[in-house]
Each structure stands twice: as C-alpha cells, then as structure tokens.
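A quick write-up on the structure given underneath.
The values are calculated or read from the model by the stated rules, or taken from the named source; none is laboratory data. Source: prediction; values computed, not measured. Neighbour counts are summed over all protein chains in view; Cβ atoms, including those assigned to glycine, are modelled from backbone coordinates with ideal geometry.
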Amino acid sequence: MTTSSGYGQYCPIAVTAEIVAERWTPLVLRALCMGATRYSEIRESVPRMSTALLARRLDELEHAQIITREKAASGHGHVYRLTPAGEALFPVLEQMGVWAQQWLRHEITRPENLNPYLLMWEIRRHVRDSQGLQDDRKVVYFRLDGVTASKRQYWLVFESDDIDICTRDPGFDVDLWVSGHIRHVVEVWLGHIGLEAALEDGRLHLDGPTAERRRFRDWFVLSHFATASGSAPESPASG
C-alpha cells in the first residue's frame with residue numbers, strides 16, 4: 001500500500017504500520033477478529049469513531065486485501081470478512097492486549113478510558129460467542145455507577161437467537177440486577193480482580209433469585225485478555 005504519508009522505509013515494521021497502525025484501524029480489526037461482519041456491528045465497537053472515518057478505514061483495509069466486502073444476502077448493506085492475511089493479524093493484536101495487561105494496567109482503567117457502552121458490547125459479544133442463549137427470554141439489568149446518568153443503565157435481553165443491548169427499559173420483567181462502579185466492573189471483566197472477591201466485598205452486587213445469581217457465574221464470560229492478567233497486584237484505587 002503506497003501513500004504520500006508513508007514512512008518511506010523498506011523495514012517490514014514500517015510497511016506494516018502504514019496499514020494497521022493508523023488511528024482506529026486496530027480497533028476495527030479487533031471487531032472483525034471478534035466476529036463482527038456487518039457495518040453496524042463494527043460501528044458498535046468504536047462508538048466514538050466518525051462514520052466517515054470508519055468508511056475510509058474499511059476501504060483502506062479492503063484495498064490492502066486484509067478484508068473483503070460483499071453484498072449481504074438480504075440485499076441490504078455489506079458483509080465484511082477477514083482474508084487469510086487479515087486473520088494472520090490476530091496474534092499481533094492479541095499480543096498488544098497481553099502486553100497492556102501486563103505493563104499498562106494503570107492506563108487501561110483510567111477514568112477517561114472506562115467506556116460503558118463498549119464494556120456492555122463486549123460482555124454481550126462474549127456471552128453470545130459462548131452460546132449463552134436460552135429458549136426463554138431473560139432480562140439482566142446493569143447499573144454502572146461512576147458515569148453520567150444517560151450512560152448508567154443497560155438491559156441485556158437474552159432471546160433464543162440473539163442478545164440485545166437496550167439503553168432504555170425494554171418493558172420486560174427483570175430476572176437479575178447487576179450493579180457496581182464501572183471501574184470495578186471493568187477490573188472484574190479484565191481479570192484484574194476476582195469475581196468472587198468483588199461479590200464478597202461489595203464492589204459488584206447481584207440482586208435476584210438465588211438461581212439467577214448462580215447462573216450469572218456461568219454466562220458472564222470474562223474478557224479474552226483476562227487470562228493474561230497474571231498475578232499483578234491490584235490498583236490501590238480499586239478497593
């Protein structure tokens with residue numbers, strides 16, 4: 001890929017960086033590696049990215065033969081898929097996350113990085129990928145303290161074929177209430193603190209029937225990077 005803003009170096013790292021190290025591109029690739037195939041799904045994973053820039057990055061990745069774009073079978077929109085070259089980037093992205101878990105934990109949980117919608121999008125994605133669906137509808141309400149009121153409440157609606165995220169009350173009976181400061185929920189999600197420890201000391205709170213509280217431990221699948229958290233000490237501010 002040749003651009004006027006390239007590094008002008010034959011170094012393989014420089015050439016790769018020209019393609020995959022542009023602003024937002026690694027996050028677009030992250031969404032595709034996590035199974036997103038529709039524009040709306042990719043868009044959900046980068047809520048602060050402009051639609052114009054997302055369209056440009058998708059064009060660039062297609063031009064670099066990292067993704068393919070095909071008309072959706074329904075006739076509406078397109079389907080985006082990684083090519084073999086794109087799939088080969090997954091270990092690169094994975095190691096970026098592992099490195100951050102080990103060396104930049106204090107940066108990961110800075111207040112300005114605690115995006116509540118991204119957290120809920122990732123939780124939903126991991127539940128769906130782990131086959132956490134069921135025949136009967138189930139509704140789980142999340143209250144995330146420490147963010148503005150408009151971004152504090154979320155409902156996960158489990159159906160037989162999908163899981164929806166609602167930012168307004170969908171009008172169904174709630175089966176389980178989950179609450180906690182967003183920092184603590186992110187720390188649990190990333191494996192910085194243990195789920196049971198957070199429940200025991202009140203950093204994370206479950207309210208609902210005993211059976212639903214037990215099931216929470218089964219379907220609440222931690223981040224892919226939680227296993228890379230290791231035994232690093234907890235942040236003093238997380239207590």
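Details
- Some residue of the range 16-38 being of a type in the set (D, E, K, R) and farther than 18 Å from GLY86 by Cα: no
- Note on the range 40-88: among residues that are in a loop (DSSP other than H, G, I, E, B) and modelled with pLDDT of 95 or more, the one that is surrounded by the most Cβ atoms within 10 Å (Cβ to Cβ) is ILE66.
- Members of the range 117-150 that are of a type in the set (A, V, I, L, M) and either under 24 Å from ARG48 (Cα atoms) or at pLDDT 90 or above (or both): LEU118, LEU119, MET120, ILE123, VAL127, VAL139, VAL140, LEU144, VAL147, ALA149
- Cβ pairs under 9 Å, 6+ apart, first in the range 151-170 and at pLDDT 95 or above and surrounded by 15 or more Cβ atoms within 10 Å (Cβ to Cβ), second in a loop (DSSP other than H, G, I, E, B) and of a type in the set (Gly, Ala, Ser): ARG152/GLY146
- Residue match in the range 173-192 (condition: buried (at least 18 other Cβ atoms within 10 Å of the Cβ), among the aromatic types (Phe, Trp, Tyr) and modelled with pLDDT of 95 or more): yes
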